[in-house]
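The values are calculated or read from the model by the stated rules, or taken from the named source; none is laboratory data. Since we're looking at a predicted model, the values are computed, not measured. Note: ideal-geometry Cβ built from the backbone for every residue, glycine included; neighbour counts use all protein chains shown. To get the accessible areas, we keep the full protein, side chains included, count just its heavy atoms, and leave off ligands, DNA and RNA. Shrake-Rupley method; radii C 1.70, N 1.55, O 1.52, S 1.80 Å.
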Amino acid sequence: PGAVLQLVTVAQHPRHAVVVSIDGRGAVTLHFPSSPTSDTALPIGEARLPQSFELDDAPGFERFVLISSPAPIDVHAVLVASRAVAADPAGRLRGPLPLPPGLRQTDRLVEKEIP
């Protein structure tokens with residue numbers, strides 16, 4: 001808890017993306033775009049997300065999921081899918097988000113050590 005992470009994306013082609021996290025309590029946080037109605041376009045090359053993220057005291061882990069596509073993404077649909085996975089204690093750690101075909105998912109797990 002208290003560690004600060006800065007998420008960075010690297011796009012070689014014009015891409016759209018949504019970044020969410022699911023924590024050990026099942027909370028879902030939208031990291032990119034800044035709101036469900038914002039543009040999902042990423043700049044080509046390396047891009048730091050506008051805000052860093054401070055880990056809270058949720059137990060166990062923080063799972064970051066990047067959803068990408070060559071076309072704009074429905075952020076609301078990603079949030080609904082993320083919340084469905086987060087509601088299942090077994091799924092929140094590794095379960096794929098139930099999203100339409102054509103959307104690519106990549107995730108990274110940050111394991112937390114509680115002192």
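Residues of the range 86-97 that are open to solvent by 20 Å² or more (accessible area, probe 1.4 Å) and in a helix (DSSP H, G or I): 92, 93, 94. If you go through the range 62-85 and keep only what is open to solvent by less than 10 Å² (accessible area, probe 1.4 Å), under 12 Å from residue 26 (Cβ atoms) and at pLDDT 95 or above, you end up with just 82. Note on the range 27-58: residues that are open to solvent by less than 20 Å² (accessible area, probe 1.4 Å), modelled with pLDDT of 90 or more and not polar (S, T, N, Q) amount to 1.
Residues of the range 103-115 being modelled with pLDDT under 90 and open to solvent by 90 Å² or more (accessible area, probe 1.4 Å), which ones? If the condition is that a residue be modelled with pLDDT under 90 and open to solvent by 90 Å² or more (accessible area, probe 1.4 Å), then 111, 113, 114, 115 are the ones that fit.
On the basis of being in contact with an Asp or Glu (Cβ under 9 Å, 6 or more places away or on another chain), under 15 Å from residue 15 (Cβ atoms) and surrounded by fewer than 15 Cβ atoms within 10 Å (Cβ to Cβ), does residue 100 make the cut? It is false that residue 100 is in contact with an Asp or Glu (Cβ under 9 Å, 6 or more places away or on another chain), under 15 Å from residue 15 (Cβ atoms) and surrounded by fewer than 15 Cβ atoms within 10 Å (Cβ to Cβ).
Sort out for me the strands (runs of 3 or more DSSP E) sitting completely within the range 1-85 that have 2 or more residues that are in contact (Cβ under 8 Å) with a residue 40 or more places away in the chain.
Working: elements: 8-11, 15-23, 28-32, 45-48, 61-69.
The qualifying strands (runs of 3 or more DSSP E) are 8-11, 15-23, 28-32, 61-69.
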